[in-house]
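Peer 1: Here you go, one structure.
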Amino acid sequence: MPPRFIPVAHPVFAGNEKEYVNQCLDTLWIASGEFIQRFEDAFAAFCGVPHALTCNNGTSALHLALMAHGLDPGDEVIVPTLSYISAANAVRYCGACPVFVDSEPRTMTIDPAGIEDRITPRTKGIIAVHLYGHPADMDRIKEMAARRGLFLIEDGAEAHGARYRGRMVGSLADACTFSFFGNKIISTGEGGMVTTADPDLYAKMRILRGQGMDPKRRYWFTTLGYNYRMSNIQAALGLAQLEQIDLHLARRREVADWYARHLPADLVEPACEEPWASHAFWLYTVLVRREAGIARDDLAAALLREGIETRPVFFPMHVLPLYREAAGAHPVAEDLAERGLSLPTHGHLTEDDLAYIAGRIREICSATRAAAAG
Ligand SMILES: *Cc1c(COP(=O)(O)O)cnc(C)c1O
């Protein structure tokens, strides 16, 4: 038995979570109810935008935001190849085609310099993902989107509370989508949100979320909509989590600062935070250096044997069977995917846990190098 088990992610319930959920149970308001509006209002205020719309997960949030922009079959939407699958899938749900762009090596987010080349007459929009909690370089992307008449959606599923040049993620584009899955910065179990400053977009998404029902006439369905609603119980959890978001973000930053100071920099490249960014540190993600003498997957397997759970960086979507493009098409993303490793990042970690993680990384690498030297 390993001496301990340290999960890569863990929710922290340190506020009104139980009280609010119990209110739902006590009042019998488990499906609809007042927590939904309260969570939406509080989240809109947090992001500094007029509108926030809850939904059942971060993928349906992306689907809603894309549908509201009116994609047609054959349209193209630019997405970073290095991200979770949701953005590309949501484009496909609309009958449109995701077009992949390589990553920027420091932040791992979409490389603004790679976007222009991939714009065609069929391109309708861009999704910028704030990967692992680091904001994408939004001004450059926004300027290009405006110049070429494209919509711009932020995928903030991993970046609640991150900032770009002082401005909140969630307020930087036409719409921003969030996830509250169990492993995210704040969680409702499953859940999602879309923020926007555009009242028309908001109204469209609201109708699409509720089966396409005419808001002025009950059971009069005017468009093909979906049941993408969040429940009152989930919203109760979300509101309680959001009330303490400063604490959640502060704990993550403490963990990240500790890693930055104590991880062996000759073996792993630390996570980057650009001077223009405030990282939300969803997952503190390092790159295993070639000089470390161990492959990322071998290091991850050895850490797991010591009770330390980690996560490999996503496969770039262009290597997946569903979306395959030529190997080498996006070399930076391929390198990040090969060497990137997310370390445990959450509010329950102690300094002792962190010292244990750093110590194991050092020992595993030196044992591997000693074995290789014979
Ligand atoms: C988690 C995540 C999503 C999707 O969220 P779900 O709630 O799991 O549907 C979308 N994009 C990114 C970048 C994510 O990390």
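Peer 1: Using a ≥ b ≥ c from the Cα gyration tensor of segment 1-59 (square roots of the eigenvalues), is it rounded, prolate or oblate, where a/c under 1.5 gives rounded and otherwise the larger of a/b and b/c decides, a/b for prolate? Intermediate results must be reported in sequence, preceding the final value.
Peer 2: Working: a/c = 2.49, a/b = 1.52, b/c = 1.64.
Since a/c reaches 1.5 but b/c is at least a/b, the shape of segment 1-59 is classed as oblate.
Peer 1: Express in nm, to one decimal, how much length is gained between D200 and R253 on full extension, taking 0.36 nm for each residue of separation and deducting their alpha carbon distance.
Peer 2: Numbers: separation 53, 0.36 × 53 = 19.08 nm, distance 3.65 nm.
Gain on stretching D200 to R253: 15.4 nm.
Peer 1: Tabulate in residue order the Karplus-calculated ³J(HN,Hα) for segment 77-93, using 6.51 cos²θ - 1.76 cosθ + 1.60 with θ = phi - 60°, rounded to whole Hz; enter x for Gly and Pro.
Peer 2: Result, ordered by residue: 10, 7, 9, x, 5, 8, 6, 5, 5, 3, 5, 5, 4, 4, 4, 4, 4 Hz.
Peer 1: Select from L267, I294, T310 the residue farthest towards the positive end of the dipole of segment 193-324; place +1 on Cβ of Lys and Arg, -1 on Cβ of Asp and Glu, and compute about the Cα centre.
Peer 2: My answer, from the dipole projection, is T310.
Peer 1: With angles folded into 0 to 90 degrees, how steeply does helix 34-47 sit against the dominant principal axis of the chain? Use alpha carbons for both and round to 10.
Peer 2: The angle comes out near 60 degrees.
Peer 1: OK, next. Please compute the per residue accessible area over the chain with all protein chains in place, 1.4 Å probe, rounded to a whole number of Å².
Peer 2: Per residue, the chain has an accessible area of 43 Å².
Peer 1: Quick check on the chain: of the DSSP beta bridges with both residues there, what percent are antiparallel, nearest 5%?
Peer 2: Close to 55 percent.
Peer 1: In debye, nearest 20, what is the charge dipole magnitude of segment 280-346 about its Cα centre with +1 on Lys and Arg Cβ and -1 on Asp and Glu Cβ, if you could check?
Peer 2: Details: 7 positive and 9 negative charges, 12 e Å.
With Lys and Arg at +1 and Asp and Glu at -1, about 60 debye.
Peer 1: In deg cm²/dmol and to the nearest 500, what is the mean residue ellipticity at 222 nm of the chain if only DSSP H runs of at least 4 residues count, each as -39500 (n - 2.57), divided by the residue total?
Peer 2: Details: 11 runs with 138 residues, N = 374.
When only DSSP H runs of four or more count, the value is -11500 deg cm²/dmol.
Peer 1: Based on alpha-carbon centroids, what's the gap between segment 114-149 and segment 167-192 in Å, whole number please?
Peer 2: Each part's Cα centre sits 19 Å from the other's.
Peer 1: In addition: Taking segment 28-70, how much of its Cα-Cα pair set, in percent, is spaced more than 13 angstrom apart?
Peer 2: Summing the P(r) tail past 13 Å for segment 28-70 gives 62 percent.
Peer 1: In 20 Å bins starting at zero, report the fraction of Cα pairs in the chain per bin as a rounded %.
Peer 2: 29, 56, 15, 1
Peer 1: Also: Considering amide H positions built from the backbone, and no H for Pro or chain starts, which residues 5 or more places from C97, or on another chain, come under 5 Å of its amide H?
Peer 2: Residues meeting the amide H criterion: G74, D75, E76, V77.
Peer 1: If you don't mind, another one. Enter the angle in degrees (range 0 to 90, nearest 10) between the Cα long axis of helix 199-209 and the first principal axis of the Cα atoms of the chain, meaning the one along which they spread out most.
Peer 2: That helix lies at roughly 80 degrees to the long axis.
Peer 1: Run the 1.4 Å probe and let me know the accessible area of W282, rounded to the nearest 10 Å².
Peer 2: So the heavy atoms of W282 present about 10 Å² to solvent.
Peer 1: Please state, as a whole number in µm²/s, the translational diffusion coefficient that the Stokes-Einstein equation yields for segment 96-221 at 10 °C and 1.306 mPa s, with Rh defined as the Kirkwood radius across alpha carbon pairs.
Peer 2: 100 µm²/s
Peer 1: Using amide H atoms built 1.01 Å from N in the peptide plane, name the residues 5+ places from V313, or on other chains, whose amide H lies under 5 Å from its own.
Peer 2: The answer is G340, L341, S342.
Peer 1: Let me ask something else. For segment 56-126, what does the equivalent ellipsoid look like in terms of its semi-axes, each the square root of 5 times an eigenvalue of the Cα gyration tensor, given largest first in whole Å?
Peer 2: After diagonalising the Cα gyration tensor, the semi-axes are 20, 16, 8 Å.
Peer 1: At a 1.4 Å probe radius, carbon and sulfur cover how many percent of the accessible area of segment 35-154?
Peer 2: 50 percent
Peer 1: Okay, next question. Would you work out the charge dipole size for the chain about its Cα centre, treating the Cβ of every Lys and Arg as +1 and the Cβ of every Asp and Glu as -1, and quote it to the nearest 20 debye?
Peer 2: Approximately 580 debye in magnitude.
Peer 1: With point charges of +1 on the Cβ of Lys and Arg and -1 on the Cβ of Asp and Glu, referenced to the Cα centre of the chain, which listed residue (W276, W258, W29) lies farthest in the positive direction of the dipole?
Peer 2: So the residue furthest toward the plus end is W29.
Peer 1: Turning to a different aspect of this structure: Can you give me the angle between helix 17-27 and the longest principal axis of the chain, using Cα atoms only, in degrees from 0 to 90, rounded to the nearest 10?
Peer 2: 30 degrees
Peer 1: Using a 1.4 Å probe over the heavy atoms of the protein chains, calculate the carbon and sulfur portion of the accessible area of segment 188-327 as a whole percent.
Peer 2: Values: 3760 of 6860 Å².
Within segment 188-327, the accessible surface is 55 percent carbon and sulfur.
Peer 1: Exactly which trypsin sites (Lys or Arg not before Pro) in segment 281-324 are in a DSSP loop and have at most 14 other Cβ atoms within 10 Å? Please report the intermediate quantities before stating the final value.
Peer 2: Numbers: sites: R289, R290, R296, R305, R324; in loops: R289, R324.
Those that pass, being in a loop and sparsely packed, are R324.
Peer 1: Taking K and R as +1 and D and E as -1, what net charge do the other residues with C-beta under 13 Å from the C-beta of Y20 add up to?
Peer 2: Counting the neighbours of Y20, the net charge comes to -3.
Peer 1: Follow-up. Segment 1-106: percent of C-alpha pairs farther apart than 23 Å?
Peer 2: 55 percent
The values are calculated or read from the model by the stated rules, or taken from the named source; none is laboratory data. What you are looking at is a predicted structure, and each value in this text was computed from that prediction instead of being measured. Neighbour counts run over all protein chains shown; Cβ positions are idealised from the backbone, glycine included. SASA here: full protein model, heavy atoms, side chains in, ligands and nucleic acids out. Shrake-Rupley method; radii C 1.70, N 1.55, O 1.52, S 1.80 Å.
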